[in-house]
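Worksheet: the structure to be examined is printed underneath.
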Amino acid sequence: MGDDLGDDWWEQKGNSDSPVGEEEGEEPEKQPTEQASPQEKKGKKRKSVTENPVPVKKKTALKSQTECFMAQEKKEDGEKKPKKKRKKKKKTITDVLATSEPKSGSPGDLQSLVLEHFKDKRSVIELEELKLQDSCFVRSNDLTHSLSSYLKEICPKWAKVQKQHTEKSSVVLLIVCSAALRVIELIKQLTTFKGEAKVLKLFAKHIKVEEQVKLLQTGVTHIGVGTPGRLSALIEKEGLTLPPLRFLVLDWNWRDQKLRRMVDIPEVKGDLLKLLDMGILKGCREGKVKVGLF
């Protein structure tokens with residue numbers, strides 16, 4: 001009996017030990033661990049932040065892709081649209097002459113001007129007739145003369161020539177320039193040369209052609225100073241006849257505010273060539289008219 005009690009006691013003890021042992025063994029897993037320190041919490045938070053994928057990275061990736069795409073588009077646009085080249089400004093007469101010394105005109109300049117103008121309008125034979133001999137010209141101004149001193153040089157016997165001229169509607173000396181103001185200026189420069197000669201201004205500004213025709217008919221005019229357009233109009237209306245003409249002086253070297261000569265202005269150049277072709281070149285070839293470039 002004693003043995004039975006002993007066995008029962010060991011069985012109970014064994015049964016009681018096994019569940020207790022199991023519970024004690026499981027307690028570390030079920031029971032929460034000790035409270036973590038603040039530093040450990042921060043570490044865990046940082047770890048979670050770095051480990052977990054953040055949507056911001058996706059946005060930045062998309063943003064970088066769009067920026068690359070836009071940059072590529074801009075590059076393509078830049079390649080398609082080349083930069084426009086700046087056009088160089090053409091040099092004007094004023095620009096050229098401002099950096100160069102003025103040169104006096106010569107008979108060859110007038111010859112070249114006439115032939116260049118009529119080369120497409122006349123036959124070969126007619127062009128030969130337009131060429132003037134050197135004897136048709138008097139000495140050109142070398143840019144040192146005033147108008148009076150130049151006229152005294154080319155026409156030393158002016159007093160005699162003046163007295164021999166008695167025909168109306170004509171002049172013995174014709175001075176051609178580009179503008180009305182220049183006409184007035186040249187007339188003032190004639191005071192020491194003209195003597196008793198009568199001078200008439202022949203330009204279109206404020207004066208009708210009919211009035212000038214009457215002035216030429218009323219008395220003997222020795223010197224006429226005018227513009228080529230008005231002189232051509234007077235010849236066409238027979239208010240000015242050319243047979244008594246002896247000297248033709250072109251205001252060749254004078255330049256306006258834009259540094260243009262009379263032959264540099266298209267309208268004036270056209271009128272001048274028309275005037276020369278109305279009988280003056282013919283008078284030069286016949287030896288009746290002498291041409292001077294002032």
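The values are calculated or read from the model by the stated rules, or taken from the named source; none is laboratory data. These figures come from a predicted structure and were not determined experimentally. Here Cβ is always computed from backbone atoms with ideal geometry, including for glycine, and neighbour counts include all displayed protein chains. SASA here: full protein model, heavy atoms, side chains in, ligands and nucleic acids out. Shrake-Rupley method; radii C 1.70, N 1.55, O 1.52, S 1.80 Å.
Before moving on, here are some points about what is shown:
- Scan of the stretch 248-275 for residues that are among the acidic types (Asp, Glu) and open to solvent by 30 Å² or more (accessible area, probe 1.4 Å), ordered by number: Asp256, Asp264, Glu267, Asp271
- For the stretch 179-198, the tally of residues that are β-branched (Val, Ile, Thr) and either closer than 18 Å to Lys160 by Cβ or over 36 Å from the mean Cα position of the chain (by Cα) (or both) stands at 3.
- Pairs linking a residue in the stretch 241-270 that is closer than 17 Å to Gly224 by Cβ to a residue that is of a type in the set (Phe, Trp, Tyr) and surrounded by fewer than 16 Cβ atoms within 10 Å (Cβ to Cβ), with Cβ atoms under 7 Å and 6 or more positions apart or on different chains, do not occur.
- The helices (runs of 4 or more DSSP H) found wholly in the stretch 110-200 and carrying at least 2 residues that are open to solvent by less than 20 Å² (accessible area, probe 1.4 Å) occupy 147-154, 180-188.
- Lone unmet requirement of (1) modelled with pLDDT under 95; (2) part of a loop (DSSP other than H, G, I, E, B); (3) more than 25 Å from Lys103 (Cβ to Cβ) for Pro244: (1)
- Residue within the stretch 221-239 that is of a type in the set (D, E, K, R), over 32 Å from the mean Cα position of the chain (by Cα) and under 28 Å from Pro156 (Cα atoms) present: no
- Checked against (1) among the hydrophobic types (A, V, I, L, M, F, W, C); (2) within 22 Å of Thr166 (Cα to Cα); (3) part of a loop (DSSP other than H, G, I, E, B), Leu234 passes all but a single condition, namely (3).
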